[in-house]
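Peer 1: Below is the structure I would like to discuss, written out as structure tokens.
The values are calculated or read from the model by the stated rules, or taken from the named source; none is laboratory data. Keep in mind the model is a prediction, meaning the values are calculated, not measured. Methodologically, a virtual Cβ is constructed for each residue, glycine included, from the backbone with ideal geometry; neighbour enumeration extends over all protein chains shown.
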């Protein structure tokens with residue numbers, strides 16, 4: 001999960017951030033509001049959640065979530081202690097798959113991209129909703145992922161982002177089956193690969209390419225209580241390689257251009273690019289390398305550039321400026337020495353489409369109404385997550401939390417406080433149930449969509 005400081009012209013940011021403070025300062029610093037929360041929801045949404053919260057079987061189900069909390073922590077610890085670096089998620093996927101099968105999804109499988117998927121069929125012709133959490137973490141192989149408990153918290157790399165989400169999905173599956181709850185729509189349980197770093201959302205991209213009858217998605221991430229992520233920040237990432245003939249720093253001076261000097265010109269030009277503040281659009285030269293020795297005119301140099309925006313148009317415009325700046329820098333370095341021997345190539349190494357689920361859509365109102373049922377103030381937020389993919393395709397998608405206070409994302413000091421975390425698991429489950437409907441209690445709020453063409 002990659003959180004951004006997102007802004008929107010309609011955002012009541014001061015009020016929204018105040019609401020987030022109750023979720024813990026470590027989390028609040030990662031979020032900004034992107035749109036005003038709906039003042040009221042449509043009658044059908046209100047009615048559905050009134051019916052759900054009044055139903056004895058749903059109240060029993062919520063008690064089961066609470067009762068399963070301690071057991072679910074064992075799933076959390078087990079999965080956290082299985083390394084899952086980007087592109088090396090297989091062992092964790094296999095463990096998650098084994099739990100899906102043990103809890104009742106006998107036909108669950110690992111797909112061609114490495115995602116673990118199991119479908120809990122609904123009782124009727126209802127919508128198909130993905131409920132997901134990502135398997136991968138940002139930490140390389142060999143990282144100490146042993147869970148350690150101190151000060152009432154569990155500490156381990158990746159424990160909150162996003163292993164907690166995986167454990168909550170397993171708890172939901174258990175309590176739904178134990179209590180024989182029949183949803184009208186299908187629930188597609190997913191532990192997906194490739195959300196972090198250069199994973200490039202490959203897991204969720206594969207799922208939406210292969211399953212074109214999906215009607216919506218609810219992802220679980222370490223979102224503070226009440227947070228509903230509705231905006232997906234898009235990003236393009238490039239690697240640039242500068243090549244020249246190289247030579248002795250003294251003997252070849254004036255005869256050959258330096259790859260590092262050319263790259264330096266490019267960096268300076270990129271630094272001068274202006275981007276809009278609304279929608280927030282950013283760039284950075286994140287890594288640089290090259291050269292062979294201090295007394296060599298560098299024959300090669302490399303840099304990686306990250307470009308992001310809350311809307312695709314300014315992202316693409318900034319991308320054009322970055323590419324033009326690099327080409328101009330190379331031309332200037334060649335002209336400096338009256339040669340044409342310095343060149344540059346680029347490779348797109350990251351492509352995360354952006355998008356937004358409208359604040360007045362049913363899926364957002366459902367999450368807001370579910371929060372209200374648990375006396376939580378909703379805050380509509382934005383970030384770069386798996387939800388970027390369905391949002392870019394026009395498929396309703398949100399990211400919500402699974403409960404617990406967390407901090408230290410992407411750091412070895414990552415932690416989670418699971419005190420009363422079952423409350424978050426309850427409210428998020430109620431959000432899901434309202435969308436797919438519960439037989440004998442409520443009809444699905446999420447509409448079935450025509451299958452997308454290939």
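Peer 1: Taking into account only those residues within region 37-85 that are surrounded by fewer than 20 Cβ atoms within 10 Å (Cβ to Cβ) and at pLDDT below 95, which is nearest to the chain's Cα centre (by Cα)?
Peer 2: 38
Peer 1: Looking at the structure I just gave you, is residue 314 part of a helix (DSSP H, G or I) and outside the structural domain of residue 384 (by TED's automatic domain parsing)?
Peer 2: Against the criterion (part of a helix (DSSP H, G or I) and outside the structural domain of residue 384 (by TED's automatic domain parsing)), residue 314 qualifies.
Peer 1: Just to verify a result, which residue in region 414-445, among those that are under 22 Å from the mean Cα position of the chain (by Cα) and assigned to a loop (DSSP other than H, G, I, E, B), is farthest from residue 374 (Cα to Cα)?
Peer 2: 414
Peer 1: Now for a separate question. Given the conditions (1) surrounded by fewer than 19 Cβ atoms within 10 Å (Cβ to Cβ); (2) not in a helix (DSSP H, G or I), which single one is not true for residue 332?
Peer 2: Every condition holds for residue 332 apart from (2).
Peer 1: Follow-up. Kindly indicate whether any position in region 405-413 is under 20 Å from residue 369 (Cβ atoms), buried (at least 23 other Cβ atoms within 10 Å of the Cβ) and in the same structural domain as residue 213 (by TED's automatic domain parsing).
Peer 2: no
Peer 1: Only one of 187, 169 is buried (at least 24 other Cβ atoms within 10 Å of the Cβ), assigned to a strand (DSSP E or B) and touching a strand residue (DSSP E or B) at 6+ places or on another chain (Cβ under 6 Å); which?
Peer 2: The match here is 187.
Peer 1: Answer with yes or no whether residue 98 is without any contact (Cβ under 8 Å) to a residue 12 or more places away in the chain and out of contact with any strand residue (DSSP E or B) (no Cβ under 8 Å at 6 or more places or on another chain).
Peer 2: yes
Peer 1: Okay, next question. So residue 319 ticks every box in (1) touching a residue at least 24 places away in the same chain (Cβ under 8 Å); (2) under 29 Å from the mean Cα position of the chain (by Cα); (3) not in a helix (DSSP H, G or I) but one. Which box is left unticked?
Peer 2: (3)
Peer 1: Under the condition of being crowded, with 23+ Cβ neighbours inside 10 Å and under 23 Å from residue 179 (Cβ atoms), which residue from region 127-136 is farthest from the chain's Cα centre (by Cα)?
Peer 2: Only one residue fits best here, namely 127.
Peer 1: Out of the residues in region 213-228 that are within 26 Å of residue 448 (Cα to Cα) and over 10 Å from the mean Cα position of the chain (by Cα), which is surrounded by the fewest Cβ atoms within 10 Å (Cβ to Cβ)?
Peer 2: 213
Peer 1: Is it the case, given these coordinates, that residue 146 is part of a helix (DSSP H, G or I) and modelled with pLDDT of 95 or more? Let's see the steps before the verdict.
Peer 2: Details: part of a helix (DSSP H, G or I): no; modelled with pLDDT of 95 or more: yes.
Taking the combined requirement at face value, the residue does not satisfy it.
Peer 1: Which of the residues that make up region 248-261 are surrounded by fewer than 18 Cβ atoms within 10 Å (Cβ to Cβ) and not in a loop (DSSP other than H, G, I, E, B)? Show your work before the answer.
Peer 2: Taking region 248-261 as the starting set, the residues that turn out to be surrounded by fewer than 18 Cβ atoms within 10 Å (Cβ to Cβ) are 248-255.
Scanning region 248-261 gives a single hit, 248.
Peer 1: From 138, 147, 228, 175, which residue is in contact (Cβ under 8 Å) with a residue 60 or more places away in the chain and closer than 25 Å to residue 379 by Cα?
Peer 2: Step by step, each of 138, 147, 228, 175 is checked, and only 228 is in contact (Cβ under 8 Å) with a residue 60 or more places away in the chain and closer than 25 Å to residue 379 by Cα.
Peer 1: Continuing with the same structure: From 383, 367, which residue is under 19 Å from residue 237 (Cβ atoms), in contact (Cβ under 8 Å) with a residue 60 or more places away in the chain and under 20 Å from the mean Cα position of the chain (by Cα)?
Peer 2: After applying the criteria, what remains is 383.
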